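Let me begin by presenting the structure, written as structure tokens, before commenting on it.
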């Protein structure tokens with residue numbers, strides 16, 4: 001009996017010893033070298049983990065910086081200061097500071113402007129409302145359940161109680177693109193604040209159909225095209241499209257827009273903020 005216990009104890013000890021040796025050997029074979037620069041760069045970043053840089057989080061962006069797979073000014077939240085610190089640390093030259101950007105919500109179809117004879121009673125999210133066919137006659141417009149606002153960690157989108165529309169608070173917007181991804185209607189885009197004139201409509205319906213659904217709809221009349229430098233604006237699927245790469249839109253471009261769909265009016269102007 002004692003012999004059996006002794007043998008069992010020795011066997012267990014040998015197995016444990018063998019497993020320990022294997023673990024030590026495996027840890028050396030499969031050890032992943034961690035570049036200490038990744039940790040340093042991660043600390044330099046604001047820690048928002050918003051994904052605006054194109055990577056899942058700040059640590060992944062830091063790794064991409066070390067691997068030279070991301071630009072030093074790729075963090076929109078950190079801005080120029082963070083880009084300068086990163087460049088100094090990596091021994092690079094920070095690129096010339098870009099024009100400040102912000103998000104724009106390209107729909108002015110609030111209550112009283114956009115028509116609706118539809119009743120929606122599902123989950124109060126934009127994704128659910130759009131999947132069910134929307135709550136307005138225009139199938140391209142904002143459904144107003146604030147998925148964009150709920151996605152913003154910076155308080156840069158708020159509800160305008162007067163119109164019911166989500167609006168951008170320019171000074172708080174860091175261009176992280178979380179709202180761009182959250183909007184199922186693809187109404188939100190990031191553009192330089194210097195580009196003040198935009199088409200606040202995304203309807204691709206024919207003019208009469210769009211106008212019937214919303215008083216501020218673009219009707220594809222081409223008046224703006226005729227009053228803008230050639231190529232500055234084009235009509236595609238009954239919708240005016242601005243060429244942001246060769247931005248040449250002026251006050252004359254929008255002066256005769258019959259519905260005021262293309263305008264220099266910022267959405268947040270209704271709040272006077």
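Return the residues of the stretch 170-193 that are part of a loop (DSSP other than H, G, I, E, B), in contact (Cβ under 8 Å) with a residue 24 or more places away in the chain and either buried (at least 17 other Cβ atoms within 10 Å of the Cβ) or out of contact with any strand residue (DSSP E or B) (no Cβ under 9 Å at 6 or more places or on another chain) (or both); say none if nothing qualifies.
173, 174, 175, 176, 177, 183, 184, 185, 187
Is it fair to say residue 219 is within 20 Å of residue 248 (Cβ to Cβ) and more than 19 Å from the chain's Cα centre (by Cα)?
Against the criterion (within 20 Å of residue 248 (Cβ to Cβ) and more than 19 Å from the chain's Cα centre (by Cα)), residue 219 does not qualify.
Could you list, in sequence order, the residues of the stretch 90-124 that are loosely packed, with under 14 Cβ neighbours inside 10 Å, in contact (Cβ under 8 Å) with a residue 12 or more places away in the chain and closer than 23 Å to residue 177 by Cα?
Passing the criteria: 95, 97, 98, 99, 124.
Considering only residues that are in contact (Cβ under 8 Å) with a residue 40 or more places away in the chain and under 23 Å from residue 51 (Cβ atoms), look in the stretch 130-153 and name the one that is farthest from the chain's Cα centre (by Cα).
Step by step, filter the stretch 130-153, then rank; the result is 130.
May I ask you to say which residue of 167, 127 is assigned to a strand (DSSP E or B) and touching a residue at least 12 places away in the same chain (Cβ under 8 Å)? Lay out the reasoning, then the answer.
On the way: 127 fails: assigned to a strand (DSSP E or B).
Answer to the check: 167.
Among the numbered criteria (1) in contact with a helix residue (DSSP H, G or I) (Cβ under 7 Å, 6 or more places away or on another chain); (2) surrounded by fewer than 22 Cβ atoms within 10 Å (Cβ to Cβ); (3) at pLDDT 95 or above, which one does residue 157 miss?
Status for residue 157: all satisfied but (2).
Return the residues of the stretch 104-113 that are modelled with pLDDT of 95 or more and either over 20 Å from residue 189 (Cα atoms) or in contact with a helix residue (DSSP H, G or I) (Cβ under 6 Å, 6 or more places away or on another chain) (or both); say none if nothing qualifies.
105
Conditions (1) crowded, with 16+ Cβ neighbours inside 10 Å; (2) not in a loop (DSSP other than H, G, I, E, B), marked per residue:
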{"residue": "202", "(1), (2)": "yes, no"}
{"residue": "205", "(1), (2)": "yes, no"}
{"residue": "208", "(1), (2)": "no, yes"}
{"residue": "211", "(1), (2)": "yes, yes"}
{"residue": "241", "(1), (2)": "no, yes"}
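What do you reckon, is residue 225 surrounded by fewer than 19 Cβ atoms within 10 Å (Cβ to Cβ) and either outside the structural domain of residue 253 (by TED's automatic domain parsing) or more than 13 Å from residue 251 (Cα to Cα) (or both)?
Judged against the criteria, residue 225 is not a match.
The values are calculated or read from the model by the stated rules, or taken from the named source; none is laboratory data. None of the values given here were measured: they were computed from a predicted structure. Counting neighbours? That spans all protein chains shown, and the Cβs are built from the backbone with ideal geometry, glycine included.
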